[in-house]
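Data block below; observations after.
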Amino acid sequence: MGVSGSSEILLCNHRQLDLSSPRVMGILNVTPDSFSDGGQYSHLDAAIHHAERMLNDGAAIIDVGGESTRPGADVVSEQAELDRVAPVVEKLVEEFDALISVDTSTPAVMLEAARLGAGMINDVRSLKREGALEAAARTPLAICLMHMVGEPDNMQHDPYYEQAIEEEVASCLAERLEACLSAGIAANRIVLDPGFGFAKTLTHNLCLMNRLECLNALKRPLLVGVSRKSMIGKTLDRNVDARLAGGLALASMAVARGARIIRTHDVAPTVDAVNMTWAVLKEGS
Ligand code: 8Y7
């Protein structure tokens with residue numbers, strides 16, 4: 001293993017993100033019901049404070065989410081999502097010189113995020129919601145297309161794939177990438193994410209990590225989110241507050257297999273794990 005691919009610049013609205021080495025994306029939940037830090041950062045000041053801490057810890061991106069994708073989470077109306085997310089995005093853009101990502105599948109939220117100066121749309125539904133592809137195409141933002149089958153409230157009902165998981169994920173992501181290109185979204189605005197924990201069994205998740213390198217054939221930077229996920233809990237028998245070491249092991253493996261953005265709740269230790277892994281990879285290439 002070594003450093004693969006040429007240096008990549010991701011276009012993110014008025015900014016560029018250099019992905020010639022891996023970056024860390026810090027999670028900022030502004031939902032009242034997120035599963036691992038539910039409600040803690042719902043208030044504007046607390047959200048800004050937490051973002052500042054993650055940036056000081058080395059995050060290159062802050063991912064703001066106002067709709068929990070936790071299985072069984074309440075569906076949030078467009079207006080409620082806007083009310084949660086917009087003030088936080090506006091304040092983050094005003095206070096920090098940082099790349100802000102918005103975790104949303106809602107066209108109106110995408111357009112408002114662009115207007116407020118966000119740099120990335122992180123859509124777990126890969127722009128499949130009605131009007132989302134068109135809305136994203138109207139913005140100059142980077143887009144993360146994540147693999148999922150179904151919706152968060154039914155995706156874990158017996159996930160099943162005909163072919164090897166990495167092949168199914170690769171062909172779904174290739175199809176969404178093609179849809180973006182056809183809608184006029186430039187390839188250098190797109191990152192791809194296999195969607196760990198979304199419509200996947202433990203075995204699927206472990207296999208997918210082992211074979212993550214297959215996704216490099218799609219020639220776009222990979223984003224990986226494994227932080228505190230149940231694949232760690234199930235493998236190690238750990239509650240959500242004791243999954244850091246497992247998450248760092250997976251983050252390191254993901255980087256070794258080509259991931260260029262790691263999405264995490266635990267920025268400081270993840271930055272160290274990613275940078276340590278990268279130092280070794282660089283030396284081998
Ligand atoms: C992911 C994600 C979540 C992920 C991307 C959690 C919003 C569940 N997971 N977005 N979102 N990738 N791109 O545990 O893996 O954070 S929500």
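The values are calculated or read from the model by the stated rules, or taken from the named source; none is laboratory data. All figures in this text were calculated on a predicted structure; none of them were measured in a lab. Backbone-built Cβ (ideal geometry, glycine too); neighbour counts: all protein chains shown. Side chains are part of the model used for accessible areas, which takes the heavy atoms of the whole protein and leaves out ligands, DNA and RNA. Shrake-Rupley method; radii C 1.70, N 1.55, O 1.52, S 1.80 Å.
Couple of notes before you dig in:
- Members of the range 238-285 found to be aliphatic (A, V, I, L, M), open to solvent by 20 Å² or more (accessible area, probe 1.4 Å), within 14 Å of the ligand (Cβ to nearest atom) and free of Cβ contacts under 8 Å to residues at least 40 places away in the same chain, listed by number: 244
- Counting only residues that are within 11 Å of residue 12 (Cβ to Cβ) and either β-branched (Val, Ile, Thr) or away from the ligand (no atom under 16 Å from the Cβ) (or both), the range 108-144 holds 6 of them.
Residues checked against (1) open to solvent by less than 10 Å² (accessible area, probe 1.4 Å); (2) farther than 23 Å from residue 185 by Cα:
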| position | (1), (2) |
| --- | --- |
| 47 | yes, yes |
| 63 | yes, no |
| 75 | no, yes |
| 80 | no, yes |
| 86 | no, yes |
| 98 | no, no |
| 111 | no, no |
| 128 | no, no |
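- Hey, residue 235 polar (S, T, N, Q), open to solvent by 40 Å² or more (accessible area, probe 1.4 Å) and assigned to a helix (DSSP H, G or I) or not: yes
- Every listed requirement among (1) farther than 25 Å from residue 12 by Cα; (2) assigned to a loop (DSSP other than H, G, I, E, B); (3) open to solvent by 10 Å² or more (accessible area, probe 1.4 Å) is met by residue 200 save one, (3).
- Test: residue in the range 135-143 that is in contact with a strand residue (DSSP E or B) (Cβ under 8 Å, 6 or more places away or on another chain), touching a residue at least 60 places away in the same chain (Cβ under 8 Å) and surrounded by fewer than 18 Cβ atoms within 10 Å (Cβ to Cβ): yes
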